[in-house]
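S.K.: I am attaching a structure below and will ask some questions about it afterwards.
The values are calculated or read from the model by the stated rules, or taken from the named source; none is laboratory data. Everything numeric here is computed off the predicted structure, so don't read it as measured data. As a convention, Cβ positions derive from the backbone with ideal geometry for all residues, glycine included, and neighbour counts pool all protein chains shown.
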Amino acid sequence: MFSIHKLLLTLMLLPVIAFAQPIAVSSTQTPQQLVNSVLLGAGVVASNITINGVPGLASTPFGNIGYFTNSNANFPMSSGIILTTGDASGAMGPNIGGSTTNPGSSQSVAGDPELNAIANGNVTNGVVLEFDFIPAGDTLIFNYMFGSDEYTEFSPSNFNDAFGIFLWGPGISGPFPLGGYPNGGDNIAVIPGGTPVTINNVNWVTNTPYYVYNEFPQDTYGDAIEYDGTTVKLTASASVQCNQTYHIKFAIANVFDQAYDSGVFLEAGSFSSSAVSVAVATVSGDTTIVEGCTYADFIFTRPEGQTNDTLIINYTVTGTAIEGVDFNNMVNPIVFLPGQDSIVLNLTPIQDGINEGFESVTITVSIINPCGDTITSQGTIYIGDGPIINITETDPLVQCYPDSVLLTASASGGYAPYSYTWTTLGGMVLGTNDSLMINVTQNGVIQYLITAVDQCSFSQTDTATVTVNQSIAIDAINMTEATCLPTGTLTAVVSGTNGNVNYSWSNGQQGQTIQNLAGGWYTLTITDQVCSANDSVFVGTIPSPIADFAVTPNGGCSPLNVVFVNNSVNGTDYAWNFGNGQGVVVQNTDPQNMQYITLSPESYEVTLVVSQGVNCLDSMSIIIPVDVCDCADPEALNYNSSANVNVLSACIYPYPEVEAPNVFTPDGDLTNDVFFLQYKNVVAIELIIFNRWGVIMYNGSSTDLSLSQPSWDGTLNGNLVNDGVYTYTYKATGVSGGEVSGHGFFHLIR
């Protein structure tokens, strides 16, 4: 189960920056394919392959095992098998957070004695891959990396996710019993000193030379894998007896819970035993090279576990090709120096110009392993001759022009694929495909060169010929422009015709001359008794009139003087309607002036109609609002009810008036409970109230009497004041800005 404190930590972790080039993981291969085609290298034969104890699977039903590939230069393995406690696809990068749990179809491995022993705790879910194998040599080696999202938050902790490689067989002894192997088995997934590879044993504080920090910002492999930390690439090895049967178990599991994935990467081809292998690499990826074109590399490889000593290897060269004649002389024997695990010999074929067909070269290495068995590895390459390329091209006959003619070419006899280049006789490049579309526009013979080049850079050039024989032609198409109405015309001038000629236009009209045309492109096709010709022409359009004018100002108070600036184009006549019953028609774009006088607010729609003859018109209108700007305050003496814009400076107000009561009875009967001033033509009041000893009982003011007015409720600091005589002073501001002040007294009676 997912532990509570891990859940809380997961919620707090934020995604980190994503990078490119993650590993790819596939779970479609069968267990047999994963072991035999991916994991095994030289000198090992496997059998009885199982996953979680299930033999003979036709596929991998457990999503926590798969095949990974990698193109990231930072990650130290290019491909291999991945075993995880979760879904194998969850190991794919980039590293997007501090924790990842992908339970997928992970199976329980609870009770596994070997895993429980190295984890020092109860294992939960995981995967176990087991098989028997027979080594050809006396040493077993392979490479692996352990990674986990338990790092760094839970390392060390109780969540001691563990990985083990348990080996049983002749000469192997250890604390892990298994039927048929009386001496027990041993865990070879250890760092130097024999410490098992687990979360608590290899981390950022323990055995740090074997740990790689992979969490942002120190994400060494963060763009390739998800895990927050891994081991370095480790090598597991064991001394074995050749030709004997051994049993091996790769096992990984979560400990205590099922959260935060862990996984192990097993490097492809690294599971090997004491043999030197020979492989062939070519540019094309197959087993064929070409004289004067490509080469081959023979790659000799020995196991990493045997790189401490010097190894001398003699090899034999056989086949139909002759060394020194058909290809270069190569060093023999080859010498592996200490620390060197591979040697590359380059084979370069010699171009001799002789047609010899394909010749073979086979390199064979035979060594005797410690058991006295002879182990043989070999690689073969085939050398082909430089070819004679043949080109088959078309030579078309064209009866009519202008026309588009397709030229095609195909090459044979060389090493496909081919590249093609079409040129004129003068060398100008026309195209680079196996076909070329040519536009022919004149009679006669036209030649083009076609050159084909194969993948070995061998080439051949041939000639393609186009013969054109035509007489009919369109010499010209005369045009008159259209106006804003379809008034254009086209007339064709032709020559070289034979017999009757048919004129077909793209708008569906027929005849040598067509009329009533709108602007645009028109295509003419003429056909006589031999062939046809075509041409295109554009019917222009006299620009249509566009009405445009600006007003200054665009509104205001009556009387309003307005200037109209005419920005119209393509017009000959300009008709103005000023919206007030007045108008004018002119033949120029001179500015117009108009004064608008009104006693009430009014909007005037001004329209300009621009014409170009009697049929082409355009118009534009602008609304001009004219306001009555006067005193619009009903409180003013000179209030104008027709004014819609208030001009405060134009208003005349009466003198402000203020009155005060002489008795004040704040007894809570809702009548005369508050002392305030009566006013007229006043916009602001200041009021101060004193007791008989001159103590201020109230001080208030308001500059917006519509919202609040100074008033006294007969209290001071929340306490009722005594009955008696009180005095007051005030200052009032009138509507027109004048001020009035006064004072008086009143009786407070409760």
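S.K.: Do you know which residues across the stretch 650-673 are out of contact with any Pro (no Cβ under 8 Å at 6 or more places or on another chain) and either hydrophobic (A, V, I, L, M, F, W, C) or at positive phi (or both)?
M.R.: 650, 651, 652, 658, 660, 663, 664, 668, 670, listed by residue number.
S.K.: Something else now. Out of 499, 520, 511, report the one residue that is of a type in the set (Gly, Ala, Ser), touching an Asp or Glu at 6+ places or on another chain (Cβ under 8 Å) and not assigned by TED's automatic domain parsing to the domain that holds residue 403.
M.R.: From the options 499, 520, 511, the qualifying one is 499.
S.K.: Here's something else I'd like to know. Residues that are over 50 Å from the mean Cα position of the chain (by Cα) and touching a residue at least 60 places away in the same chain (Cβ under 8 Å): does the stretch 496-514 have at least one?
M.R.: So far as the stretch 496-514 goes, no, none of its residues is over 50 Å from the mean Cα position of the chain (by Cα) and touching a residue at least 60 places away in the same chain (Cβ under 8 Å).
S.K.: I'd like the residue in the stretch 424-437 that is in contact with a Ser or Thr (Cβ under 7 Å, 6 or more places away or on another chain) and in a strand (DSSP E or B) and, out of all such residues, is surrounded by the most Cβ atoms within 10 Å (Cβ to Cβ).
M.R.: Per the criteria, the residue is 430.
S.K.: From the set of residues in the stretch 639-660 that are farther than 21 Å from residue 684 by Cα and in contact with a strand residue (DSSP E or B) (Cβ under 8 Å, 6 or more places away or on another chain), which is surrounded by the fewest Cβ atoms within 10 Å (Cβ to Cβ)?
M.R.: 642
S.K.: Can you give me the number of residues within the stretch 549-568 that are in a loop (DSSP other than H, G, I, E, B) and either buried (at least 16 other Cβ atoms within 10 Å of the Cβ) or in contact (Cβ under 8 Å) with a residue 24 or more places away in the chain (or both)?
M.R.: Residues in the stretch 549-568 being in a loop (DSSP other than H, G, I, E, B) and either buried (at least 16 other Cβ atoms within 10 Å of the Cβ) or in contact (Cβ under 8 Å) with a residue 24 or more places away in the chain (or both): 5 in total.
S.K.: In the stretch 702-750, which residue that is charged (D, E, K, R) and assigned to a strand (DSSP E or B) is surrounded by the most Cβ atoms within 10 Å (Cβ to Cβ)?
M.R.: 731
S.K.: Now for a separate question. Taking into account only those residues within the stretch 687-745 that are of a type in the set (Ser, Thr, Tyr) and in contact with an Asp or Glu (Cβ under 6 Å, 6 or more places away or on another chain), which is farthest from residue 632 (Cα to Cα)?
M.R.: Start the filter on the stretch 687-745 by keeping residues that are of a type in the set (Ser, Thr, Tyr), which leaves 698, 701-703, 706, 708, 711, 715, 726-730, 733, 736, 741.
Those left that are additionally in contact with an Asp or Glu (Cβ under 6 Å, 6 or more places away or on another chain): 701, 733.
On the way: 701: 27, 733: 20 Å.
Of everything passing the filter in the stretch 687-745, 701 is farthest from residue 632 (Cα to Cα).
S.K.: Quick check on the stretch 164-174. Is at least one of its residues in a strand (DSSP E or B), in contact with a Lys or Arg (Cβ under 8 Å, 6 or more places away or on another chain) and either at pLDDT below 90 or not assigned by TED's automatic domain parsing to the domain that holds residue 75 (or both)?
M.R.: No: zero hits.
S.K.: Here's a follow-up. Filter the stretch 48-65 down to the residues that are surrounded by fewer than 20 Cβ atoms within 10 Å (Cβ to Cβ) and among the hydroxyl-bearing types (Ser, Thr, Tyr), then identify the one that is modelled with the highest pLDDT.
M.R.: Applying the filter and picking the extreme gives 50.
S.K.: Among the numbered criteria (1) crowded, with 21+ Cβ neighbours inside 10 Å; (2) at pLDDT 80 or above; (3) hydrophobic (A, V, I, L, M, F, W, C); (4) outside any loop (DSSP other than H, G, I, E, B), which one does residue 278 miss?
M.R.: (2)
S.K.: Enumerate the pairs (first residue in the stretch 518-529 and in contact (Cβ under 8 Å) with a residue 24 or more places away in the chain and assigned to a strand (DSSP E or B); second residue anywhere and among the small types (Gly, Ala, Ser) and surrounded by fewer than 17 Cβ atoms within 10 Å (Cβ to Cβ)) with beta-carbon separation below 6 Å, excluding pairs fewer than 6 apart on the same chain, so at least 6 apart or on different chains.
M.R.: Within 6 Å, the pairs are 522/506.
S.K.: Can you pull out the residues in the stretch 145-162 that are crowded, with 24+ Cβ neighbours inside 10 Å, within 20 Å of residue 95 (Cβ to Cβ) and out of contact with any Asp or Glu (no Cβ under 7 Å at 6 or more places or on another chain)?
M.R.: Scanning the stretch 145-162 gives 145, 146, 147, 154.
S.K.: Shifting gears a bit: Being within 19 Å of residue 532 (Cα to Cα) and β-branched (Val, Ile, Thr) is the filter here; which residues of the stretch 480-499 pass it?
M.R.: 491, 493, 494, 497
S.K.: Examine the stretch 369-392 for a residue that is touching a Lys or Arg at 6+ places or on another chain (Cβ under 8 Å), of a type in the set (A, V, I, L, M) and at pLDDT 80 or above, and state whether such a residue exists.
M.R.: no
S.K.: So which of 45, 38 ends up being part of a helix (DSSP H, G or I) and either at pLDDT 90 or above or under 28 Å from residue 242 (Cβ atoms) (or both)?
M.R.: Result of the check over 45, 38: 38.
S.K.: Assigned by TED's automatic domain parsing to the domain that holds residue 38, crowded, with 19+ Cβ neighbours inside 10 Å and either in contact (Cβ under 8 Å) with a residue 40 or more places away in the chain or in contact with a strand residue (DSSP E or B) (Cβ under 8 Å, 6 or more places away or on another chain) (or both), is that true of residue 235?
M.R.: It is false that residue 235 is assigned by TED's automatic domain parsing to the domain that holds residue 38, crowded, with 19+ Cβ neighbours inside 10 Å and either in contact (Cβ under 8 Å) with a residue 40 or more places away in the chain or in contact with a strand residue (DSSP E or B) (Cβ under 8 Å, 6 or more places away or on another chain) (or both).
S.K.: Do any residues in the stretch 70-97 that are assigned to a loop (DSSP other than H, G, I, E, B) have Cβ atoms under 9 Å from those of residues that are basic (Lys, Arg), where the two are at least six apart or on different chains, and which pairs are they?
M.R.: Close Cβ pairs satisfying both conditions: 76/233; 77/233.
S.K.: For residue 571, are the conditions met, namely being in a loop (DSSP other than H, G, I, E, B) and on the phi > 0 side of the Ramachandran plot?
M.R.: no
S.K.: Further question on the same structure: Give just the number: which of (1) within 30 Å of residue 496 (Cα to Cα); (2) buried (at least 18 other Cβ atoms within 10 Å of the Cβ); (3) at pLDDT below 85 does residue 407 not satisfy?
M.R.: Exception for residue 407: condition (3).
S.K.: Only one residue in 462, 475, 454 is of a type outside the set (Lys, Arg) and over 21 Å from residue 390 (Cα atoms). Which one? It would help to see each step written out before you state the result.
M.R.: Values: 462 fails: over 21 Å from residue 390 (Cα atoms); 454 fails: over 21 Å from residue 390 (Cα atoms).
On inspection, the qualifying residue turns out to be 475.
This table checks each residue for (1) modelled with pLDDT of 90 or more; (2) crowded, with 17+ Cβ neighbours inside 10 Å.
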{"residue": "484", "(1), (2)": "no, yes"}
{"residue": "501", "(1), (2)": "yes, no"}
{"residue": "507", "(1), (2)": "yes, no"}
{"residue": "515", "(1), (2)": "yes, no"}
{"residue": "520", "(1), (2)": "yes, no"}
{"residue": "525", "(1), (2)": "yes, no"}
{"residue": "529", "(1), (2)": "no, no"}
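S.K.: Taking the condition of being loosely packed, with under 15 Cβ neighbours inside 10 Å, within 23 Å of residue 588 (Cα to Cα) and at pLDDT below 90, how many residues in the stretch 602-636 meet it?
M.R.: Here the count works out to 3.
S.K.: Just checking, which of 679, 639 is closer than 30 Å to residue 558 by Cβ and either in contact with a Lys or Arg (Cβ under 7 Å, 6 or more places away or on another chain) or modelled with pLDDT of 90 or more (or both)?
M.R.: None of the others qualify; the one that does is 639.
S.K.: Now for a different question. Of the residues 462, 535, 548, which single one is under 30 Å from residue 588 (Cβ atoms), of a type outside the set (Gly, Ala, Ser) and within 54 Å of the chain's Cα centre (by Cα)?
M.R.: 548
S.K.: Moving to a separate point now. Report, by residue number, each residue of the stretch 686-739 that is without any contact (Cβ under 8 Å) to a residue 60 or more places away in the chain and among the acidic types (Asp, Glu).
M.R.: Of everything in the stretch 686-739, those that are without any contact (Cβ under 8 Å) to a residue 60 or more places away in the chain and among the acidic types (Asp, Glu) turn out to be 686, 704, 713, 723.
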